[in-house]
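Each remark here refers to the structure printed beneath this line.
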Amino acid sequence: MLARLAEGSMSLDIGTLLVIATCVTALLGFFLLFAWMQDRIEALAWWGVAYLIGGLSGVLWRLGDIVSPPLPTGIAVALLFVAVGMIWSAARLFHGRPVRWGAMCLGAVIWLAACMAPAFLQSPAARVILSSIIVATYTFTIAAELWRERRKSLIRRWPAVFVPMLHGAIFLFPVALASLGVRSLATGWFAVFAIEVVLYVVGAAFIVLVLAKDRTVHRYKAAAETDPLTGLLNRRGFFEAAGALMTGKKTSQTPVSVLMFDLDHFKSINDRFGHKMGDAMLDLFAKVVRKTMRAHDVIGRFGGEEFIAILSGALADACAAAERVRSAFEAAALALESAKIPATVSIGVACGMPAVSIDILIARADAALYRAKANGRNRIEPDDAMVTDVAEHPADCRIEVRAAAYARPVPALSVPILMR
């Protein structure tokens, strides 16, 4: 059946198909370069240049006989393999991986080396088989690069992986047909490839533009949810990430813990060493807490010299994590070469079930933090009461949330606040 399809495709004008494929590829190349000028995503520039090189290879393949002086044998197809290798490199760049120049040009080198053998040039089937293997190999590696990107969900990744996988599988058909004795590889199947290439370049360009748009949206969203000084989440980003963490733990009923951090005597650091050093201490604490805590813990800057974190685990685990942060920050501040500042941090810890409102846990952790400040600073104070259900103590919860909301604007309400 596939052989009859290939033979029937001979009724299509191959020259016309080649012109269409070349024009579409070149047009998409310019379109991708325009998208790169808008978003400044390096992978788009590579992808666009690769499409333009692919279009140039089609022109040279079609008009190479009338060029004077004659082009080296196989140079048009070699340019096509360079273009495919650049697309693979673009997929690597898109996810922050370096370009492998040797591997990118390997297909073209193999093709040019094979073209030096007269027997290879005289065998249309051999040329089609080798070119199919090279294109399929690069295409499968493109799919592998996209699959390695674990930050995307499977549902969002599968079109980017499926399209190149299908393209690579189609280009492996000539190898399978050759093993079955089909001889019309260099004639009828060329039309099938030309049609498939047009569909692939259009589909691949659409996918990469969608991925680029998603990357741009993610970048702007991250900027809106990130504290510019420390690189941690701001309040908005923290509450969104904390809500997602607590929602994910409701099924397993795993307790979550909130840690409230406050740098001790931060105002005096600003007064004695200047605001530049104060900003440096905030940045230092952010680096320490990011390095000390687990990668999936949610950490944010709550405001000023206050930081907050939420993690999955019981109170004892959270206190152990808090102690690691406290001791690491104290040591890091004293290790500064420019000024050995005795900077420390006080920490309050509260634990509860994931169904509890995040505001309640923050209020309890904040109250524990005030106790840590009142009891001498540079220490950890846990809230020993496990919060299991808001309905059990509705009045207490409302009081704690209200206290957390009004404590800072009216610091004269309580003695612990005055000691801050």
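The values are calculated or read from the model by the stated rules, or taken from the named source; none is laboratory data. Computed from a prediction, not measured in an experiment: that's the story for all the values here. Positions of Cβ are generated from backbone atoms using ideal geometry, with glycine treated the same way; all protein chains shown enter the neighbour counts. We work out accessible area using only protein heavy atoms, side chains counted, and drop any ligands, DNA or RNA first. Shrake-Rupley method; radii C 1.70, N 1.55, O 1.52, S 1.80 Å.
What the table shows:
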quantity: Residue in the range 55-70 that is surrounded by fewer than 21 Cβ atoms within 10 Å (Cβ to Cβ), within 26 Å of Met165 (Cβ to Cβ) and among the small types (Gly, Ala, Ser) present; calculated: no
quantity: Top-ranked residue in the range 12-44 [being small (Gly, Ala, Ser) and crowded, with 18+ Cβ neighbours inside 10 Å; ranked as nearest to Leu199 (Cα to Cα)]; calculated: Ala21
quantity: Residue satisfying all of: in the range 328-351; of a type outside the set (A, V, I, L, M, F, W, C) and at pLDDT below 95; surrounded by the fewest Cβ atoms within 10 Å (Cβ to Cβ) among these; calculated: Glu337
quantity: Some residue of the range 368-377 being more than 27 Å from Met281 (Cβ to Cβ), part of a loop (DSSP other than H, G, I, E, B) and at pLDDT below 95; calculated: no
quantity: Out of Arg183, Arg236, sole residue that is among the basic types (Lys, Arg), over 20 Å from the mean Cα position of the chain (by Cα), open to solvent by 20 Å² or more (accessible area, probe 1.4 Å) and modelled with pLDDT of 80 or more; calculated: Arg236
quantity: Residues of the range 263-289 classified as under 18 Å from Gly231 (Cβ atoms) and either open to solvent by 20 Å² or more (accessible area, probe 1.4 Å) or in a helix (DSSP H, G or I) (or both), total; calculated: 13
quantity: Residues that are outside any helix (DSSP H, G or I), among the hydrophobic types (A, V, I, L, M, F, W, C) and over 14 Å from Arg377 (Cα atoms), drawn from the range 302-348; calculated: Phe302, Phe307, Ile308, Ala309, Ile310, Leu311, Ala314, Ala335, Leu336, Ala339, Ile341
quantity: Test: residue in the range 69-87 that is of a type in the set (S, T, N, Q) and touching a residue at least 12 places away in the same chain (Cβ under 8 Å); calculated: yes
quantity: Selected residue (only one of Ala335, Ala316, Ala241 is touching a residue at least 24 places away in the same chain (Cβ under 8 Å) and hydrophobic (A, V, I, L, M, F, W, C)); calculated: Ala241
quantity: Residue match in the range 209-226 (condition: farther than 22 Å from Trp36 by Cα, touching a strand residue (DSSP E or B) at 6+ places or on another chain (Cβ under 7 Å) and either free of Cβ contacts under 8 Å to residues at least 40 places away in the same chain or surrounded by 12 or more Cβ atoms within 10 Å (Cβ to Cβ) (or both)); calculated: yes
quantity: Output for the range 303-327, where each listed residue is open to solvent by 50 Å² or more (accessible area, probe 1.4 Å) and within 30 Å of the chain's Cα centre (by Cα); calculated: Glu305, Asp317, Arg324
quantity: Residue, nearest to Val298 (Cα to Cα), within the range 353-367, restricted to residues that are in a helix (DSSP H, G or I) and among the small types (Gly, Ala, Ser); calculated: Ala365
quantity: Yes/no for Arg294 being part of a loop (DSSP other than H, G, I, E, B), in contact with a strand residue (DSSP E or B) (Cβ under 9 Å, 6 or more places away or on another chain), touching a residue at least 12 places away in the same chain (Cβ under 8 Å) and open to solvent by 60 Å² or more (accessible area, probe 1.4 Å); calculated: yes
quantity: Matching residues in the range 41-78 - criterion: being within 34 Å of the chain's Cα centre (by Cα), in a helix (DSSP H, G or I), within 18 Å of Phe30 (Cα to Cα) and among the hydrophobic types (A, V, I, L, M, F, W, C); calculated: Ala43, Leu44, Ala45, Trp46, Trp47, Val49, Ala50, Leu52, Ile53, Leu56
quantity: Gly58, sole failed condition from (1) at pLDDT 90 or above; (2) within 15 Å of Val201 (Cβ to Cβ); calculated: (1)
